[in-house]
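S.K.: Sharing a structure here in structure tokens format.
The values are calculated or read from the model by the stated rules, or taken from the named source; none is laboratory data. Because the structure is a prediction, the values reported are computed rather than measured. Glycine gets a Cβ as well: all are built from the backbone with ideal geometry, and neighbour counts include every protein chain shown. Note: areas computed on protein heavy atoms with side chains; ligands, DNA, RNA excluded. Shrake-Rupley method; radii C 1.70, N 1.55, O 1.52, S 1.80 Å.
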Amino acid sequence: MTTHYVQCELSRHRLVQMTWLPERFAREGDYVKLKEADGWQDGWRVMAAYPGVRLSHDVLMERSQDYKRTRAASDI
């Protein structure tokens, strides 16, 4: 079974960030934990979920590497 991800807007205290969450966790108003370099950070609230675009895990991992090709193709 393939896991699909949905882009979500999260908030915690005064911080806001966008991230891709598995569909089962992408419910507005719910709280989630995010994995950070130093462990799990609790208390992120899903402010908005944008299910118009859902990506499989494989496609999401491929797209996360796109910046490498963009940088190589740029003239900077």
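S.K.: Output the residue which, of all residues in the stretch 1-14 that are in a strand (DSSP E or B) and over 21 Å from Ser64 (Cβ atoms), is nearest to the chain's Cα centre (by Cα).
M.R.: So the residue we want is Ser11.
S.K.: Which residue pairs have Cβ atoms under 9 Å apart, sit 6 or more places apart or on different chains, and have a first residue in the stretch 23-40 that is in a helix (DSSP H, G or I) and a second that is polar (S, T, N, Q)?
M.R.: Listed by first residue and then by second, the contacts come to Glu23/Thr3; Arg24/Thr3.
S.K.: I would also like to ask the following. Mind checking which residues of the stretch 53-76 are farther than 20 Å from Ala26 by Cα and either outside any helix (DSSP H, G or I) or modelled with pLDDT under 80 (or both)?
M.R.: Result: Gln65, Asp66, Tyr67, Lys68, Arg69, Thr70, Arg71, Ala72, Ala73, Ser74, Asp75, Ile76.
S.K.: Oh, and also: For the structure I just gave you, tell me whether Glu23 is open to solvent by less than 80 Å² (accessible area, probe 1.4 Å) and either at pLDDT below 95 or touching a Cys at 6+ places or on another chain (Cβ under 8 Å) (or both).
M.R.: The answer is yes for Glu23.
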